[in-house]
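Enquirer: Pasting in a structure now, in structure tokens, and then I'll have a few things to ask.
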Amino acid sequence: MFWYAARRIAASVPVLLLVTLISFSMMHLVPGDPAAAIAGSGATNAEIEAIRLQLGLDKPFLVQLATWFGGLLQGDLGRSILLNRPVWQAIVERLPITLPLALFALALTLLIGIPAGVIAALRANTWVDQAVTGLAMLGVSVPSFWLALMLIVLFGVHLEWLPTGGFVPFSEDPAAWARSMVLPSISLALLQIGLLARITRGTMLEVLRQDYVRTARAKGLPGWMVIGKHALKNVMVPVVTVIGISFGLLLSGSIVIETVYGMPGIGRLIANAIFGRDYPVIQGGLLLTGTILVLLNLVVDLLYAVIDPRVRYGR
Amino acid sequence: MSALLEIEDLAVAFRTERGEVEALSGVSLSVGDGQSFGVVGESGSGKSLTALAVMGLVPDPPGRISRGTIRFAGEKLDARAKARLRGREIAMIFQEPMSALNPVFTVGEQVAEGLRVHERMSHRAASARAAELLGHVGIPDPVRRLSQYPHELSGGMRQRVMIAAALACRPRLLIADEPTTALDVTIQAQILSLLAELQRETGMAVLLITHDLGVIAQVVKRVAVMYAGRVVETGPVVPVFEAPAHPYTRALLRSIPALNEDEVRLPAIPGSVPVPAAWPPGCRFNPRCELADAACTRAAPPLIAVAEDHHAACIRPFAA
């Protein structure tokens, strides 16, 4: 197990380096002069020159690369042009919005998606299965902005149970903070619930056909043990992968959901940066998203080995 | 000897797209307390299905027991009774010890869990007993094996683990469904003698299911030969094998290669067991039988006595 973990961790280092390299190259993939592109079409030569100096674009490529990596090691992602403050600070400020949203959505996904998939598999080809599969399909195919709007109309406008949008910091009013999280989390989670329920159902159906499930029954174990212990642990192997990807996507922030609910999270930070050609922020966002996904993959790989001992060897 | 397991007129049907199809049609057999009983037949003859029906493990849907009764120690078994006896009084081991063991749990866990569930043993006591059982079925260094996973063991060791898990709660009947088919010949012999030894020691009855006639001859006292969902011949193993009365049993025995003969071709039975939906009328062996005539297609022949305690389902059995 130790060597497996060590190998996995070592393997993610080059990927992380590649992610940083690609984030850095953003600036140089811009056709023409990046400084001119950032400054916009109405800018004077002096303004373009100022940006060039500010971003260090006048220096040789390798010096720029060294500066970028040097900055990274000190936690410096550069300065935002639009916000006129360090990129790192801009991201950290928005984490209290995106992180709890992602965690709530993940919790909903796990608590609803897995049981729904298991129940559908156990009642395969009955109305229960059809209902779960149908709803999962709906969850996957309904556009999240539409769903978000419908939830606002129903719970915010008609029933007036929950705010129609906006974010209240936890430190200001914990109850209002929690209420402001409900609808966005649900809107974010629905797609993931649908995906996870379908994967869980399919995998469970396959596992239920396995000989070891028959053995568990032959041993006279109660049904909840056959399903909840012997079958479920095998189901978790592929399901953990899906959960890892889902959580990665949730953490990168959702532009649509954050916009509809007026939550200034990481998704909107990156969207605004793209519209305003704020390259340092785009770079930082790309780096953040890429790093999160690489780290989550690492966690998933380690979880694999915890669940399935065969993984610890071989590879 | 009183009967421990009595199967009477057992039929199992499967729902298919073209209506219900019987895969087992009126199987009767009786296993005495402490007896070793063999069921032989080609694949598709319904021998495993008989075992699954006893265990209450026929996949439902699409299968169901459509007729007949199963008694265990005098008690008529319904689904509830089967669930109660499974793993305690009646245990079962399977053909593929690799896929029959759960890959993500340790060997110790898989042997001990039955003890914890059925005998309410503590974790510690169940583990200690599991180690004892592993040692008992001939696994060296059992305490260390407890924490190993199935993929770390050889095929023969895995089957020993299966046996240890099955014997954990001291069952009165062990059903062994092709327990040696997936193993090397030398390992087969070891597993068979282990089963025989354990049977002597514990006094349990064994229902051994196999397509391997050599295996049957070695270890069982009585045998039932199955073909296409029916028992075609039954009796003590010596007369059945030395003076087979049913043409199918004869053909089956003839198709065993003998080591001392330079026979060029083995007399194989032409054709194969038809699928349940395509079973012929009358005696189901008639299309493959060299002695069949029109009378054989009219009605299913009942089991008739051909000698004392020796029955065959054929309208013109070979005389002993």
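The values are calculated or read from the model by the stated rules, or taken from the named source; none is laboratory data. Small disclaimer: the values here were computed from a predicted structure and weren't measured. We place every Cβ from the backbone using ideal geometry, glycine too, and count neighbours over all the protein chains shown. Keep in mind that these areas ignore ligands, DNA and RNA; they rest on the heavy atoms of the full protein, side chains included. Shrake-Rupley method; radii C 1.70, N 1.55, O 1.52, S 1.80 Å.
Enquirer: Residues being in contact (Cβ under 8 Å) with a residue 24 or more places away in the chain, of a type outside the set (Val, Ile, Thr) and either open to solvent by 40 Å² or more (accessible area, probe 1.4 Å) or more than 8 Å from chain B (Cβ to nearest Cβ) (or both): count how many of those fall in the stretch A:203-235.
Expert: 7
Enquirer: Quick check: is even one residue across the stretch B:24-34 at positive phi, surrounded by 19 or more Cβ atoms within 10 Å (Cβ to Cβ) and in a loop (DSSP other than H, G, I, E, B)?
Expert: Checking the stretch B:24-34: not a single residue is at positive phi, surrounded by 19 or more Cβ atoms within 10 Å (Cβ to Cβ) and in a loop (DSSP other than H, G, I, E, B).
Enquirer: So, one more: Six or more apart or on different chains, Cβ under 7 Å: which pairs go from a residue in the stretch A:135-148 that's assigned to a helix (DSSP H, G or I) to one that's at pLDDT 85 or above and among the polar types (S, T, N, Q)? Could you list them?
Expert: The qualifying pairs are A:Ser144/A:Ser187; A:Leu147/A:Ser187; A:Ala148/A:Ser187.
Table: residues versus (1) surrounded by 15 or more Cβ atoms within 10 Å (Cβ to Cβ); (2) in the same structural domain as A:Leu183 (by TED's automatic domain parsing); (3) in a helix (DSSP H, G or I).
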site	(1), (2), (3)
A:Ile38	yes, no, yes
A:Ile48	yes, no, yes
A:Ile51	yes, no, yes
A:Asp58	no, no, no
A:Gln64	yes, no, yes
A:Thr67	yes, no, yes
A:Leu101	yes, yes, yes
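Enquirer: While we're on this one: For residues that are of a type in the set (Asp, Glu) and closer than 25 Å to B:Ala189 by Cβ, scanning just the stretch B:212-249, find the one that is modelled with the highest pLDDT.
Expert: Here the residue is B:Glu242.
Enquirer: Given the conditions (1) away from chain B (no Cβ under 14 Å); (2) buried (at least 18 other Cβ atoms within 10 Å of the Cβ); (3) not β-branched (Val, Ile, Thr), which single one is not true for A:Pro264?
Expert: Tallying (1) away from chain B (no Cβ under 14 Å); (2) buried (at least 18 other Cβ atoms within 10 Å of the Cβ); (3) not β-branched (Val, Ile, Thr), A:Pro264 fails exactly one: (2).
Enquirer: Further question: Could you tell me which numbered condition B:Ile65 fails, if it satisfies all but one of (1) open to solvent by less than 40 Å² (accessible area, probe 1.4 Å); (2) over 27 Å from B:Gly203 (Cβ atoms); (3) touching a Leu at 6+ places or on another chain (Cβ under 8 Å); (4) free of Cβ contacts under 8 Å to residues at least 60 places away in the same chain?
Expert: (1)
Enquirer: Any idea which of B:Arg88, B:Arg71, B:Arg67 is at the interface with chain A (Cβ under 8 Å from one of its Cβ atoms) and either in contact with a helix residue (DSSP H, G or I) (Cβ under 6 Å, 6 or more places away or on another chain) or closer than 23 Å to B:Ser30 by Cβ (or both)? Step through it out loud before you land on a result.
Expert: Working: B:Arg71 fails: at the interface with chain A (Cβ under 8 Å from one of its Cβ atoms); B:Arg67 fails: at the interface with chain A (Cβ under 8 Å from one of its Cβ atoms).
Only one candidate passes the filter, namely B:Arg88.
Enquirer: Considering only residues of the stretch B:276-320 that are closer than 25 Å to B:Gly19 by Cα and of a type in the set (D, E, K, R), which is surrounded by the fewest Cβ atoms within 10 Å (Cβ to Cβ)?
Expert: Selected residue: B:Arg298.
Enquirer: Now for a separate question. Hey, among B:Gly135, B:Gly108, which residue is more than 26 Å from B:Leu57 (Cα to Cα), more than 9 Å from every other protein chain (Cβ to nearest Cβ) and either in a helix (DSSP H, G or I) or open to solvent by 10 Å² or more (accessible area, probe 1.4 Å) (or both)?
Expert: B:Gly135
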